[in-house]
Amino acid sequence: MRDASAPIGVFDSGVGGLTVLAALRARLPHERFVYLGDTARLPYGTKTGHTVARYALQAARCLMQRQVKLLVIACNTASAVAIEPLSSASELAGVPVIGVVEPGADAAVARSSSGRIAVIGTESTIRGGAYERAIEKRRPDAVVTGRACPLFVALAEEGWVHGAVPTEVARTYLESLVSNADGAAHDTLVLGCTHFPVLAEVIASVCGPRVALVDSADTTAEAVAARLEHEGLRAAVTASTPAPVLLATDGAERFARVGAQFLGLPLAAQDVEIVDL
């Protein structure tokens, strides 16, 4: 039987998944977390599905060595191709696996009244169509439009999340999705990349109040909370929020510098343990 006091494992190809970790810590402040960023092999989006699944299994094995009670795939690319391989892996027997795509699709369908839903993400996520398939499975009459917004990733990592530059980039990417010019604007926008929540304020200002933003980090946190409750694995209440254990496969200094703005905590290189998968 799994131990409710055990940590929750979270992994991503890099630092973007720290937005999911931040949402998890806000929703589940008494839980312990171990986060792994596979920074030596990022980005996953340029790799084949077979390779990404192999990397995901290696990351999962590393986290299983930390005796995690639940595994979160905080990466859109890995969530799209690795949920089934991980769920059926003997090494993870009995450990629930939750990705970011399915919770995001659930929330998008719940929020949209018209069924016209836009998904923004990296080129690989949009090209793969995982969100589109997940949304259409839940609502067959949905009209789903995907748009790659690769510059958002660079802006997020550079910390350019406010001001004229990100606003103009957001306007260029998004105005045609939310414009009423053709009378068929989308009423829901899924942030289908873990980097994008740090740009949510700028994105919302461009889209306007009529468009509901769906943050896959928040929806994943809700899915994890529900699964822990269902499995009887909620941790006991503590006096303070435990600090997360941070692992990376390369570049502790960059991980700390960029990751601080994603996690919302001050980080130093010595806070990051380098591991070999």
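Length available on full extension from S179 to R210: 0.36 nm per residue minus the Cα-Cα distance, which gives 10.1 nm. In order along the stretch 268-275, the Karplus-derived 3J(HN,Hα) couplings, from 6.51 cos²θ - 1.76 cosθ + 1.60 at θ = phi - 60°, round to 10, 4, 6, 7, 10, 8, 8, 10 Hz, and Gly and Pro are given as x.
Close amide H contacts of L213 (hydrogens built in the peptide plane, cut-off under 5 Å, sequence separation of 5 or more or a different chain): L189.
For the stretch 255-266, the Karplus equation 6.51 cos²θ - 1.76 cosθ + 1.60, evaluated at θ = phi - 60°, returns couplings of 4, 5, 5, 6, x, 4, 6, 7, 7, x, 9, x Hz by residue, with Gly and Pro reported as x.
GNM on the chain, alpha-carbon springs under 10 angstrom: the most fluctuating residue among T241, T220, T194 is T241.
The chymotrypsin sites (Phe, Trp or Tyr not before Pro) of the stretch 118-216 include none that meets both conditions, a loop assignment by DSSP and at most 14 other Cβ atoms within 10 Å of the site Cβ.
In plain terms, the chain from R133 to R257 could stretch by 41.1 nm, reckoned as 0.36 nm per residue minus the Cα-Cα distance. In the stretch 189-277, which trypsin sites (Lys or Arg not before Pro) fall in coil by DSSP and have 10 or fewer other Cβ atoms within 10 Å? Sparse-neighbourhood loop trypsin sites (Lys or Arg not before Pro): R210. For R116, the residues whose modelled amide H falls within less than 5 Å of its own, excluding neighbours fewer than 5 places apart on the same chain, are V143, D187.
For the options S216, S112, S90, a Gaussian network treatment of the chain with springs between C-alpha atoms closer than 10 Å singles out S90 as fluctuating the most. Reported to the nearest whole Å, the Cα centre-to-centre distance from the stretch 159-236 to the stretch 27-44 is 20. Among beta bridges identified by DSSP and lying wholly in the stretch 1-87, the antiparallel ones come to about 0 percent. The ranking of H195, H230, H30 from fewest to most other beta carbons within 10 Å of each one's beta carbon is H230, H30, H195. Backbone geometry of the stretch 80-97 corresponds, through the Karplus equation with coefficients 6.51, -1.76 and 1.60 at θ = phi - 60°, to 3J(HN,Hα) couplings of 5, 10, 10, 4, 5, x, 6, 5, 9, 6, 5, 5, 10, 3, x, 9, x, 10 Hz, x marking Gly and Pro. Backbone amide hydrogens, once placed in the peptide plane, bring F33 within less than 5 Å of I8, V245, excluding anything fewer than 5 places away on its chain.
Bear in mind these aren't lab numbers, they're just calculated from the coordinates by the rules spelled out. Model, not experiment: these values are computed from the prediction. Positions of Cβ are backbone-derived with ideal geometry, glycine not excepted, and every protein chain shown enters the neighbour counts.
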